[in-house]
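Enquirer: Below are the structure tokens for one structure; questions will follow.
The values are calculated or read from the model by the stated rules, or taken from the named source; none is laboratory data. Bear in mind the structure is a predicted one, so any value in this text is a computation, not a measurement. Cβ placement follows ideal geometry from the backbone for every residue including glycine, while neighbour counts extend to all protein chains displayed. For accessibility, only protein heavy atoms count, side chains too; no ligands or nucleic acids. Shrake-Rupley method; radii C 1.70, N 1.55, O 1.52, S 1.80 Å.
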Amino acid sequence: MSTQTYRVCFCFRRRFRVVAAEAPADVKNLFNRYSDNGVMSADNLHRFLIEVQKEENATLEDAHAIMNNLHDLKILNIFHRRSLHLDAFFKYLFADINPPLNSKLGIHQDMNAPLSHYFIYTGHNSYLTGNQLSSDCSDVPIIQALHRGVRVIELDIWPNSAKDDVEVLHGGTLTTPVALIKCLKSIKEHAFAVSEYPVVITLEDHLTTALQAKTAEMITQTFGDMLFTSDSCLKEFPSPESLKRRVLISTKPPKEYLQAKEVKETGATKGTDDTEAWGREVSDIKARYNDKYDSDEGEADDDDEEDPTSQQNTAPEYKRLIAIHAGKGKGGLSDWLRVDPDKVRRLSLSEQELGKAVVTHGKEIIRFTQRNILRIYPKGIRFDSSNYNPFNAWTHGAQMVAFNMQGYGRSLWLMHGMFRANGGCGYVKKPDILLKAGPSNQVFDPEASLPVKTTLKVTVFMGEGWYYDFEHTHFDAYSPPDFYARIGIAGVDADIVMKKTKTLEDNWIPTWDEQFEFPLTVPELALLRVEVHEYDMSEKDDFAGQTCLPVSELRQGIRAVPLHSRKGDKYNSVKLLMRFEFI
């Protein structure tokens with residue numbers, strides 16, 4: 001490519017040669033096997049697609065289409081339009097047209113089951129632009145979330161200072177409010193920008209009866225026929241397919257006016273996660289909470305109890321809008337998780353409540369989520385808008401795992417990875433193990449010792465693109481970067497693992513060429529984690545990209561895996577060349 005110069009001291013510079021990416025040895029060997037005299041014909045490419053890429057339904061026309069695409073990308077010239085030489089074959093493998101997930105697959109899961117049968121992409125305090133205590137409230141993060149495919153938007157609604165209108169803000173904090181009507185109009189405009197499947201608006205209500213009536217009027221006038229309502233509690237939730245381009249309201253029976261607990265600035269005030277360059281490692285799925293933070297004191301959303309007195313004060317036109325009723329009841333956990341054959345509802349638990357509940361009521365939680373909806377939200381001390389490990393919730397069937405989408409860190413990367421499945425529509429069908437009882441009416445136990453169902457073999461060949469997307473001194477002021485990759489699995493506890501490649505010094509195009517094997521007991525719930533870092537001897541290692549992919553939708557074969565920033569935005573050029581095999 002070129003040379004790069006790095007200043008070492010006032011009078012001394014180091015010069016490094018930057019070479020072009022070269023196909024790894026395995027790729028060269030495969031090319032030789034599927035080519036004749038250094039040329040790969042469409043017939044040979046077709047065989048490669050079937051035998052190596054495991055695309056059993058690939059046709060000769062597909063092979064020709066790839067060659068035409070490469071020609072359009074200026075990778076093939078007019079003289080080689082009907083065949084590939086090694087360089088073109090290598091560039092095809094590293095091109096955007098060879099992704100790890102099949103974009104043509106689209107929305108392929110059954111969308112006709114009840115809403116309770118799906119994991120649903122869910123936001124927490126969706127209106128906040130930053131931290132939970134002092135950031136601005138705005139419709140901008142709501143719009144951004146909807147464009148990522150988020151299907152559940154949370155709004156905390158309060159009276160304005162004059163008590164004559166409704167605002168959205170995080171109560172008891174210094175967050176600046178935004179008008180409810182502005183948020184509602186933005187939701188309407190952007191709700192179905194990337195997915196036609198229903199949007200649920202969860203309301204945390206702190207209103208007077210009069211302002212409830214005003215809110216009902218705003219919602220009705222804004223959404224009109226898009227709004228799905230029910231005259232009574234639903235006996236079973238409708239399906240996502242039947243609710244296409246519809247908006248549903250979900251809230252608990254409103255409390256007495258302004259009786260909700262305020263968020264108190266006690267306990268930890270520093271971020272409890274995401275404090276390193278790329279975010280701390282995801283917390284243990286079985287983490288136990290210490291006594292200091294076991295209480296939910298200070299969490300504004302911790303009380304779903306049905307209050308008969310507040311029911312009497314509810315504006316009837318407001319109550320009629322509620323499609324998904326929320327409530328705990330007056331009893332303890334066993335009562336909260338009681339399954340009513342005549343109606344379905346939504347139950348909310350904090351991440352701490354869930355952590356304790358799965359120890360004593362794990363099976364009841366899974367049975368509850370087979371018909372009802374369970375929403376999990378972050379603990380109140382996450383003032384920095386960090387998140388938690390979602391797998392404790394997912395492995396127990398929780399549909400709405402509410403996350404602070406405006407933040408970043410490894411927990412949020414897992415959320416992004418889960419909802420890359422099923423065409424990115426925001427609804428992912430829960431596996432049968434969470435929906436159906438087994439022999440003797442037993443339900444799934446995420447901590448049980450299970451046999452290995454399959455083994456995922458991952459080869460990390462190489463990476464490239466940092467040279468184009470970053471300044472040459474971004475990672476190291478004195479030399480090219482020293483990259484290493486971390487590869488692993490997130491899922492049930494038995495499947496969790498992270499492994500690491502060697503570190504390659506002074507190389508913008510690292511060729512690791514290393515293999516890893518991951519035995520999987522529950523591949524239906526597994527996510528493949530991929531991270532790249534730059535080793536720094538004197539300071540913390542630098543972040544160099546990440547992605548998270550649903551194992552159930554991985555395409556076998558050699559694939560170009562695009563990497564994303566800490567916030568989840570895809571880099572323009574940075575990719576890894578990897579091979580995936582199920583053995």
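Enquirer: Do you know which residues across segment 455-483 are open to solvent by 10 Å² or more (accessible area, probe 1.4 Å) and not in a loop (DSSP other than H, G, I, E, B)?
Expert: The answer is THR455, LYS457, GLU464, TYR467, TYR468, ASP469.
Enquirer: What tally of residues in segment 98-110 results from selecting those that are over 18 Å from the mean Cα position of the chain (by Cα) and open to solvent by 60 Å² or more (accessible area, probe 1.4 Å)?
Expert: 4
Enquirer: Filter segment 145-168 for residues that are open to solvent by less than 40 Å² (accessible area, probe 1.4 Å) and farther than 29 Å from LEU243 by Cβ and give the result.
Expert: Those that are open to solvent by less than 40 Å² (accessible area, probe 1.4 Å) and farther than 29 Å from LEU243 by Cβ: PRO159, ASN160.
Enquirer: Return yes when THR503 is among the hydroxyl-bearing types (Ser, Thr, Tyr), touching a strand residue (DSSP E or B) at 6+ places or on another chain (Cβ under 6 Å) and touching a residue at least 60 places away in the same chain (Cβ under 8 Å) and no when it is not.
Expert: Working: among the hydroxyl-bearing types (Ser, Thr, Tyr): yes; touching a strand residue (DSSP E or B) at 6+ places or on another chain (Cβ under 6 Å): yes; touching a residue at least 60 places away in the same chain (Cβ under 8 Å): no.
No; evaluated as a whole, the condition is false for this residue.
Enquirer: Still on this structure: So, in segment 98-127, how many residues would count as being in a loop (DSSP other than H, G, I, E, B), closer than 30 Å to PHE580 by Cα, in contact (Cβ under 8 Å) with a residue 40 or more places away in the chain and not small (Gly, Ala, Ser)?
Expert: Taking segment 98-127 and keeping what is in a loop (DSSP other than H, G, I, E, B), we get 98-100, 102-114, 121, 124-127.
Imposing the further condition that a residue be closer than 30 Å to PHE580 by Cα reduces the set to 98-100, 102-111, 121.
So of that shortlist, the ones also in contact (Cβ under 8 Å) with a residue 40 or more places away in the chain come out as 98-100, 102, 105-111, 121.
After this cut, where a residue has to be not small (Gly, Ala, Ser) as well, the list is 98-100, 102, 105, 107-111, 121.
The total comes to 11.
Enquirer: Ok, one more. Which members of segment 511-533 meet the condition of being assigned to a strand (DSSP E or B) and over 16 Å from the mean Cα position of the chain (by Cα)?
Expert: Step one: list which residues in segment 511-533 are assigned to a strand (DSSP E or B), which gives 511-520, 527-533.
Of everything in segment 511-533, those that are assigned to a strand (DSSP E or B) and over 16 Å from the mean Cα position of the chain (by Cα) turn out to be THR511, TRP512, ASP513, GLU514, GLN515, PHE516, GLU517, PHE518, PRO519, LEU520, VAL532, HIS533.
Enquirer: What number of residues in segment 484-510 are touching a Pro at 6+ places or on another chain (Cβ under 6 Å), part of a strand (DSSP E or B) and not hydrophobic (A, V, I, L, M, F, W, C)?
Expert: 0
Enquirer: Something else about it: Which of the residues belonging to segment 435-467 are within 24 Å of ALA113 (Cβ to Cβ) and modelled with pLDDT of 95 or more? Even if it seems obvious, please write down each step before you answer.
Expert: Narrowing segment 435-467 to residues within 24 Å of ALA113 (Cβ to Cβ): 435-439, 441-446, 453.
Of everything in segment 435-467, just one residue is within 24 Å of ALA113 (Cβ to Cβ) and modelled with pLDDT of 95 or more, namely LYS453.
Enquirer: Follow-up question, since we're still on this one. Kindly indicate whether any position in segment 128-143 is open to solvent by 40 Å² or more (accessible area, probe 1.4 Å), more than 17 Å from GLU204 (Cα to Cα) and out of contact with any Ser or Thr (no Cβ under 7 Å at 6 or more places or on another chain).
Expert: no
Enquirer: Which count do you get for residues in segment 99-116 that are polar (S, T, N, Q) and either modelled with pLDDT of 95 or more or in contact with a helix residue (DSSP H, G or I) (Cβ under 6 Å, 6 or more places away or on another chain) (or both)? If you could, list the steps in order and put the result at the bottom.
Expert: Going through segment 99-116, the residues polar (S, T, N, Q) turn out to be 102-103, 109, 112, 116.
Now narrow it down to the ones that are either modelled with pLDDT of 95 or more or in contact with a helix residue (DSSP H, G or I) (Cβ under 6 Å, 6 or more places away or on another chain) (or both): 109, 112, 116.
Qualifying residue count, segment 99-116: 3.
Enquirer: If you go through segment 533-572, how many residues are of a type in the set (A, V, I, L, M, F, W, C), crowded, with 17+ Cβ neighbours inside 10 Å and either under 14 Å from HIS474 (Cβ atoms) or out of contact with any helix residue (DSSP H, G or I) (no Cβ under 8 Å at 6 or more places or on another chain) (or both)?
Expert: Filtering segment 533-572 down to residues of a type in the set (A, V, I, L, M, F, W, C) leaves 537, 543-544, 548-549, 551, 554, 558, 560-561, 563.
Okay, now just the ones that are also crowded, with 17+ Cβ neighbours inside 10 Å, so 543-544, 548-549, 551, 554, 558, 560-561, 563.
After this cut, where a residue has to be either under 14 Å from HIS474 (Cβ atoms) or out of contact with any helix residue (DSSP H, G or I) (no Cβ under 8 Å at 6 or more places or on another chain) (or both) as well, the list is 543-544, 554, 561, 563.
The total comes to 5.
Residue-by-condition table, conditions (1) more than 17 Å from ASP569 (Cβ to Cβ); (2) surrounded by 24 or more Cβ atoms within 10 Å (Cβ to Cβ):
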{"residue": "ARG375", "(1), (2)": "yes, yes"}
{"residue": "ILE381", "(1), (2)": "yes, no"}
{"residue": "ASP384", "(1), (2)": "yes, no"}
{"residue": "ASN389", "(1), (2)": "yes, no"}
{"residue": "ALA393", "(1), (2)": "yes, yes"}
{"residue": "LEU412", "(1), (2)": "no, yes"}
{"residue": "MET418", "(1), (2)": "yes, no"}
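Enquirer: Would you call GLU505 open to solvent by 60 Å² or more (accessible area, probe 1.4 Å), over 16 Å from LEU528 (Cβ atoms) and acidic (Asp, Glu)? Show your work before the answer.
Expert: Numbers: open to solvent by 60 Å² or more (accessible area, probe 1.4 Å): yes; over 16 Å from LEU528 (Cβ atoms): yes; acidic (Asp, Glu): yes.
When the stated conditions are applied, GLU505 passes them.
Enquirer: Taking the conditions exactly as written (touching a helix residue (DSSP H, G or I) at 6+ places or on another chain (Cβ under 6 Å) and either among the charged types (D, E, K, R) or more than 30 Å from ASN112 (Cβ to Cβ) (or both)), does PRO177 satisfy them or not? Let's see the steps before the verdict.
Expert: Values: touching a helix residue (DSSP H, G or I) at 6+ places or on another chain (Cβ under 6 Å): no; either among the charged types (D, E, K, R) or more than 30 Å from ASN112 (Cβ to Cβ) (or both): yes.
When the stated conditions are applied, PRO177 does not pass them.
Enquirer: Which pairs turn up if I take residues in segment 146-162 that are within 20 Å of LEU374 (Cα to Cα) and look for partners that are surrounded by fewer than 24 Cβ atoms within 10 Å (Cβ to Cβ) and among the acidic types (Asp, Glu) with beta carbon separation below 8 Å, at least 6 apart in sequence or on another chain?
Expert: Within 8 Å, the pairs are GLU154/GLU204; LEU155/GLU204; ASP156/GLU204.
Enquirer: For segment 252-260, does any single residue satisfy the condition of being modelled with pLDDT of 95 or more, farther than 28 Å from ARG410 by Cα and open to solvent by less than 40 Å² (accessible area, probe 1.4 Å)?
Expert: Initially, segment 252-260 is screened for residues modelled with pLDDT of 95 or more, giving none.
The answer is no; no qualifying residue exists.
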